[in-house]
Amino acid sequence: MLSKELGRWLKRIRGGNKPVGWQERTQLFPADLIREFRFFQFNLGNVTYFVRHNSGMDVRMVDTPHFAFAKASRDPDSGAMRAAKSSYLEYLKASWPASGLDTGLEHRESKCQFFLDHITAIETAQQVGNPVLLTRIPGKPGLYVLDGNHRCAIAAALGLSVPAKVLDFTTAFDHFLRVDEFYGTGSKEMPYQSAYLNRQIVRQGRRDDIYERLDALPAGFLQGKTVVDVGCNIGMNAIGARKCGATKVLGLEVSKRMANYATRFAVFDGCYPSVSFLPFVANVDQLPAGERYDVAFMLSIHNHLEHPGNLAEIVRRNVVEAVVFEGHPKTRLGDYQGFLDAVQFSRIEKITDMATSVFDRTPSRPVWILYK
Ligand SMILES: C[S@@+](CC[C@H](N)C(=O)[O-])C[C@H]1O[C@@H](n2cnc3c(N)ncnc32)[C@H](O)[C@@H]1O
């Protein structure tokens, strides 16, 4: 006799809803290939788990706490099971706050039971149900699990095949990395920043001049420097700064979802944890007083803040050498006089004018270096 929960699992496995990408062709992957699938769902929280427990950030299915738990569950009273459960609980603890899900230990314990029921249901049905969703990441080998980490871990542990659909990266980006928070900048169905991997655009955004802007800085300007990027969007300037020689970069962004995406891109671009991100409300929050960065990026952020005076406070307390400051379209230095007066920079150097956006290439966004 099946419990209610197991009955529900089996119904889902045998019936199934149509997930994103259902129209793609389904392929069957055997257990030994599933073990090599890569983890995709990095977020602000669970990266800390992987940094602590895995030697790198290229995490194979067999190296996930999901797989260890599914494998050890075959022997529920074993020491291996106790260790696997404690790792899985630790993973949930790290992962959930980033998505606002964590409601405490009891909730995490119930998730473990949910997982065990799922394993039993798959074992009973000898199939995992709906196809899992995979993608390839430009420039990287392997297949990344967008949706279905638990099903893949269980199938790999039980030696079952998995039906899977492989989405191209643009489709994957639109469904799994889609940023629909724009803070008054207008969406036009595009992210603000183009998404880059290894300096190449993999998803077009309304700004496709990230490296052009970084390349306009004096040669070697970022070499060996620490950088804080205020209003970092999906993290492309922060990642770009690292590629231009910065040793450590912190991106600050009001949107937790964007900070999550930025984190994922830093992992995929091989920069995490040298490049990391934090949710931060730039007109309210302050960095700790003792935290110092050689350079700050304050790019097209000033007019988004109700209290831009806080930017000056960040510069005074936390920035050692200079601010790379991009104005909003059609603005002049005098439009930021309050900010300039509040810091009293020693020298100001205009370096370029960037285009408004991909829709209007007029060079209307002035960029200055403001030296302390
Ligand atoms: C016009 S975009 C500029 C993005 C990036 N600095 C660039 O130039 O490529 C403004 C960014 O600032 C962020 N933002 C808006 N208000 C903010 C706030 N109060 N604190 C932190 N970030 C904020 C937005 O979410 C968005 O990512």
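The values are calculated or read from the model by the stated rules, or taken from the named source; none is laboratory data. Since the structure is predicted, the reported quantities are computational estimates derived from the model, not experimental observations. Virtual Cβ from ideal backbone geometry, glycine too; neighbours counted across all protein chains shown.
For region 219-230, state whether one or more residues are within 22 Å of residue 172 (Cβ to Cβ) and buried (at least 18 other Cβ atoms within 10 Å of the Cβ). Checked against the condition, which is being within 22 Å of residue 172 (Cβ to Cβ) and buried (at least 18 other Cβ atoms within 10 Å of the Cβ), region 219-230 yields no hits at all.
The set of residues from region 40-51 being closer than 24 Å to residue 157 by Cα and in contact with a helix residue (DSSP H, G or I) (Cβ under 7 Å, 6 or more places away or on another chain) comprises 41, 42, 46, 47, 49.
Each row is one residue, and each column tells you yes or no for (1) in contact with a Lys or Arg (Cβ under 9 Å, 6 or more places away or on another chain); (2) of a type in the set (Phe, Trp, Tyr); (3) at pLDDT 95 or above.
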residue	(1), (2), (3)
46	no, no, no
67	yes, yes, yes
70	no, no, yes
81	yes, no, no
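Could you please let me know if residue 367 is surrounded by fewer than 16 Cβ atoms within 10 Å (Cβ to Cβ), β-branched (Val, Ile, Thr) and within 13 Å of the ligand (Cβ to nearest atom)? Judged against the criteria, residue 367 is not a match. Going by the conditions given, is residue 262 without any contact (Cβ under 8 Å) to a residue 60 or more places away in the chain, within 10 Å of the ligand (Cβ to nearest atom) and closer than 30 Å to residue 141 by Cβ? Spelling it out, residue 262 is indeed without any contact (Cβ under 8 Å) to a residue 60 or more places away in the chain, within 10 Å of the ligand (Cβ to nearest atom) and closer than 30 Å to residue 141 by Cβ.
Table: residues versus (1) crowded, with 16+ Cβ neighbours inside 10 Å; (2) over 27 Å from the mean Cα position of the chain (by Cα); (3) closer than 29 Å to residue 24 by Cα.
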{"site": "83", "(1), (2), (3)": "no, yes, no"}
{"site": "86", "(1), (2), (3)": "no, no, no"}
{"site": "107", "(1), (2), (3)": "no, no, no"}
{"site": "121", "(1), (2), (3)": "yes, yes, yes"}
{"site": "126", "(1), (2), (3)": "no, yes, yes"}
{"site": "135", "(1), (2), (3)": "yes, no, yes"}
{"site": "141", "(1), (2), (3)": "no, no, yes"}
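Residue count for region 310-320, restricted to those that are among the charged types (D, E, K, R) and surrounded by 14 or more Cβ atoms within 10 Å (Cβ to Cβ): 2. Is it the case, given these coordinates, that residue 242 is of a type in the set (Lys, Arg) and within 21 Å of residue 370 (Cα to Cα)? Taking the combined requirement at face value, the residue satisfies it.
Scanning region 202-216 for residues that are assigned to a helix (DSSP H, G or I) and more than 12 Å from the ligand (Cβ to nearest atom) yields a single hit, 215.
Within region 124-162, the set of residues being small (Gly, Ala, Ser) and under 11 Å from residue 39 (Cα atoms) comprises 142, 148, 153. Those residues that are surrounded by 14 or more Cβ atoms within 10 Å (Cβ to Cβ), of a type in the set (Gly, Ala, Ser) and part of a helix (DSSP H, G or I), I need them from region 327-351; list them, please. Result: 342, single match. One residue stands out in region 315-326 among those that are in a helix (DSSP H, G or I) and in contact with an Asp or Glu (Cβ under 9 Å, 6 or more places away or on another chain): the one that is nearest to the ligand (Cβ to nearest atom), namely 318.
Across region 266-309, the qualifying residues are those that are surrounded by 19 or more Cβ atoms within 10 Å (Cβ to Cβ) and among the polar types (S, T, N, Q), and the one among them that is nearest to the ligand (Cβ to nearest atom) is 300.
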